Amino acid sequence: MLKFIHAADLHLDSPFQGLQQLPKTLWAKVHNAPFQATKQLVHDAITQQVDFVLLVGDLFDRETQSIQAQTFLNDELQQLLDAGIQVIVSYGNHDYMTKDQQLHLPAGVIIFGPEVTTQTITTADRQRVAISGFSYADRWIDTDMVPQFPEHLDADFQIGMLHGAVQQTGDNHYAPFTLSEMAAKHYDYWALGHIHKPNLLAQQPPIVYAGTIQGRHKNEPGAHGYQLVTSAEHQLKRQFVAADQIRWQTLTLMVDEQTTDTSLIRQVQKSLKGLHPQVFALVELQLNGIEKLSTGLLTRLTDGTWQARFDQEQQRNYEHTHCWVYEVTLKAAQAQIQYAKLDADFWQQAQTAVFTQENIELTAGKLMQYPFLADHLQAPKTTAAITARAKNELLAQSRLEVDQDADHKA
Ligand SMILES: [Mn+2]
């Protein structure tokens with residue numbers, strides 16, 4: 001039986017920005033999570049006695065890697081090689097191979113170059129597996145690489161490794177492909193990387209995104225890990241295996257006129273105790289119905305005062321609850337908030353004019369040259385999130401003004 005692991009997007013050395021306020025031990029756990037997840041993969045590969053491990057790009061988060069991250073990965077890959085497990089690597093858009101910046105992976109690791117080539121591996125039980133793939137030589141590949149992949153060769157199984165995204169309208173910077181051209185190659189498995197959510201694009205033969213091994217921010221929620229692939233008759237079957245050490249999730253609570261600083265703390269703690277996460281949870285607390293809150297509490301939620309108080313509480317409990325609330329987001333229950341001093345139509349007009357993709361790009365300026373920032377800033381979700389935050393700020397601000405006016409009248 002053939003057995004292998006397909007993983008991608010380890011993103012070692014991810015900075016986990018915006019979480020530096022976490023308690024030291026928790027911050028260390030978060031920062032180490034991609035490393036621990038990788039250790040888990042290596043451990044599983046050895047205990048499962050797989051034939052080989054495929055790593056489909058973005059092993060590192062940036063094209064320049066820390067010595068620690070390089071040493072770590074080399075040690076782990078060496079353990080696989082020592083156990084007789086072959087390792088096949090293609091680089092992606094985050095760790096593309098520049099001429100002057102070559103990674104030194106352990107001797108014996110098979111690394112694809114910038115052109116599509118094929119490596120044939122013979123497994124312990126004499127099965128021949130042809131694996132085709134390529135590495136990024138630059139941060140972008142605008143051309144479809146699938147036509148360069150050979151037809152199914154004379155081997156028991158043929159696998160394609162591709163770090164990229166399905167062709168879409170607009171920009172295609174990540175080796176754009178279509179499912180039909182992949183299917184037309186008659187491979188037994190397409191091992192994909194780049195998209196961080198584990199995703200099965202086609203059932204049989206499988207065309208699969210392994211997903212990132214560890215979710216790195218709130219837009220990568222849910223379980224993450226790798227694919228364990230085994231042969232049954234002449235088909236390859238895959239199974240998702242979790243390897244992540246922390247998980248991102250959202251907790252939604254309703255608040256109203258009765259909510260006080262203290263009652264909210266109790267309400268959140270009670271809900272967290274009920275979560276019982278299997279894997280340590282980093283929780284975005286989403287409060288709905290905030291237009292009913294007192295001005296004082298709304299202000300303390302907006303300026304971080306409430307969160308600072310709550311942090312003192314969760315410092316004492318987080319090892320027990322296995323959760324940490326890292327962010328509080330505020331939502332009004334009504335779609336249209338009545339702003340005290342703002343005409344609703346005027347707000348709508350201003351919102352449409354100000355919160356545009358174009359304005360965000362203009363504001364970001366030179367930062368747009370970094371593909372990972374450009375991807376984030378161009379996502380419709382980002383525009384929506386910035387708009388929502390501005391609304392909450394305006395709401396808190398206008399409520400304060402109303403109160404001040406009331407004071408003047410008294
Ligand atoms: Mn990636």
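Quick note: the coordinates plus some simple rules give every number you see, no bench work behind them. This is a predicted model, so every value here is computed, not measured. Cβ: placed from backbone, ideal geometry, glycine included. Neighbour counts: every protein chain shown.
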**Request:** Rank Arg62, Arg389, Arg316 by mean-square fluctuation in a GNM of the chain with C-alpha springs under 10 angstrom and give only the top-ranked residue.
**Result:** Arg316
**Asked** Hey, what do the phi angles of segment 241-252 turn into as Karplus ³J(HN,Hα) couplings, whole Hz, using 6.51/-1.76/1.60 and θ = phi - 60°, x for Gly and Pro?
**Response** 10, 6, 9, 6, 10, 9, 9, 8, 8, 10, 10, 9
**Fill in**
The extension gain from Phe346 to His43, computed as 0.36 nm times the residue separation minus the Cα-Cα distance, is 103.2 nm
**Prompt:** Lys366: which lysines have alpha carbons under 30 Å from its alpha carbon, excluding same-chain residues fewer than 8 sequence positions away?
**Reply:** Lys99, Lys197, Lys218, Lys381, Lys391
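Considering all alpha-carbon pairs of segment 3-242, what whole percent are spaced by more than 31 angstrom?
Values: 5022 of 28680 pairs.
The share of Cα pairs beyond 31 Å in segment 3-242 comes to 18 percent.
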**Asked** With no solvent and one point on each alpha carbon, what is the Debye value of log10 I(q)/I(0) for segment 342-388 at q = 0.16, 0.23, 0.27, 0.31 Å⁻¹?
**Response** -0.47, -0.79, -0.97, -1.13
**Item:** Relative contact order (%) - the chain, alpha-carbon pairs under 8 angstrom, separation at least six
**Value:** 12
**Prompt:** Can you pull the Kirkwood radius for the chain, inverse mean 1/r over Cα pairs, to one decimal in Å?
**Reply:** 23.8
**Asked** Does a label point 7 Å from the Cα of Thr25, set along Cα-to-beta-carbon, have any residues of segment 311-327 with amide nitrogen under 17 Å, and which are they?
**Response** 312-325
**Item:** Spin-label pair Thr363/Glu313, simplified geometry with 7 Å Cα→Cβ offset, distance in nm
**Value:** 3.2
**Prompt:** Order of 104-115, 128-139 by packing, highest average Cβ count within 10 Å first?
**Reply:** 128-139, 104-115
**Asked** Of Met161, Met254, Met145, which is the most mobile in a GNM of the chain whose springs link Cα atoms less than 10 angstrom apart?
**Response** Met254
**Prompt:** Helix 261-275: angle to the longest alpha-carbon principal axis of the chain, degrees 0 to 90, nearest 10?
**Reply:** 20
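On average over all directions, what projected area in square nanometres does segment 246-334 have, based on the convex hull of its Cα atoms? Numbers along the way, then the final one.
Numbers: hull surface 21.2 nm².
So the mean shadow area of the Cα hull is 5.3 nm².
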**Message:** Going Cα to Cα from Lys29, which aspartates and glutamates come in below 12 Å? Please leave out same-chain ones fewer than 8 positions away.
**Reply:** Asp244, Glu319
**Request:** Report ³J(HN,Hα) in whole Hz for each residue of segment 348-355, in order, from the Karplus equation J = 6.51 cos²θ - 1.76 cosθ + 1.60 where θ = phi - 60°; Gly and Pro get x.
**Result:** 4, 4, 5, 4, 5, 6, 8, 8
